[in-house]
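The values are calculated or read from the model by the stated rules, or taken from the named source; none is laboratory data. Just so it is clear, the model here is predicted, and its values are computed rather than measured. Cβ placement follows ideal geometry from the backbone for every residue including glycine, while neighbour counts extend to all protein chains displayed.
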């Protein structure tokens, strides 16, 4: 139950992006760059300083390498198969693989498809990462959940901005982002079931989570942050890495 609670809080943090937009409007690029860079630094630190060493200890170097490649490979496959939005250095939202949305004629349905399938499926491996961390220690699971929550807030902001501008009711925006976020505890629940098979499987799962998180950082957080303000993005990244080094 503790793991599902951490994962639930990380998932529903996506809706905080909607709250931020309603109360404060779109935050400045400098703040977002620092925020995304910091989240990326924490996620890299968790992966390099904790998940991978723990994966090797529980399993082997071979299982850790295979798990890492599979984790990164799954995120790569999701990017190719499912359209996914992220923030650019302007007020626009960049959509990866938009050709996969052309068959849906209604703008509302296109947006709903983007959120419910793109963001939701990207949240599944994040939930797996939390579950894998919890198998190592409750503290590690909590840190991973916090890092993912930090990552999800700007993601919710990126989604809610164009929806609000397009005239979508606030209630529906909350519903869409909440449904997408709830895929995180679903991923954790799946992981907690399968992680109990054997220590080697847990080790491979930890490295799988590391591969998924490193891919997310390199593919989404760092490019987005650098596009907004490269110096503050790097400062946030370094601070997150150093904080992770101290924690772990």
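Pairs are defined by a Cβ separation below 7 Å, a sequence spacing of at least 6 or placement on different chains, a first member in segment 43-61 that is under 13 Å from residue 144 (Cβ atoms), and a second member that is surrounded by fewer than 21 Cβ atoms within 10 Å (Cβ to Cβ) and modelled with pLDDT of 85 or more; the pairs so defined are 44/241; 45/241.
Taking the residues in segment 49-90 that are in a helix (DSSP H, G or I) and touching a strand residue (DSSP E or B) at 6+ places or on another chain (Cβ under 8 Å) as candidates, determine which candidate is modelled with the lowest pLDDT.
Going through the qualifying residues, I end up with 79.
Please tell me if residue 165 is more than 23 Å from residue 213 (Cα to Cα), out of contact with any strand residue (DSSP E or B) (no Cβ under 6 Å at 6 or more places or on another chain) and at pLDDT below 85.
Yes.
Hey, can you tell me all the residues within segment 166-196 that are without any contact (Cβ under 8 Å) to a residue 60 or more places away in the chain and either surrounded by 17 or more Cβ atoms within 10 Å (Cβ to Cβ) or in a helix (DSSP H, G or I) (or both)? 171, 172, 175, 193, 194, listed by residue number. For segment 216-241, the tally of residues that are farther than 16 Å from residue 151 by Cβ and without any contact (Cβ under 8 Å) to a residue 24 or more places away in the chain stands at 1. Answer yes or no as to whether residue 176 is more than 15 Å from residue 51 (Cβ to Cβ) and at pLDDT below 85. It is true that residue 176 is more than 15 Å from residue 51 (Cβ to Cβ) and at pLDDT below 85.
Checked against the criterion of being crowded, with 21+ Cβ neighbours inside 10 Å and in a helix (DSSP H, G or I), the candidates 246, 217 yield just one match: 217. Reported count of residues in segment 218-239, each being under 22 Å from residue 128 (Cα atoms) and modelled with pLDDT under 85, is 3. Can you find a residue that is under 27 Å from residue 138 (Cα atoms), touching a helix residue (DSSP H, G or I) at 6+ places or on another chain (Cβ under 6 Å) and in contact (Cβ under 8 Å) with a residue 60 or more places away in the chain anywhere in segment 20-31? So far as segment 20-31 goes, no, none of its residues is under 27 Å from residue 138 (Cα atoms), touching a helix residue (DSSP H, G or I) at 6+ places or on another chain (Cβ under 6 Å) and in contact (Cβ under 8 Å) with a residue 60 or more places away in the chain.
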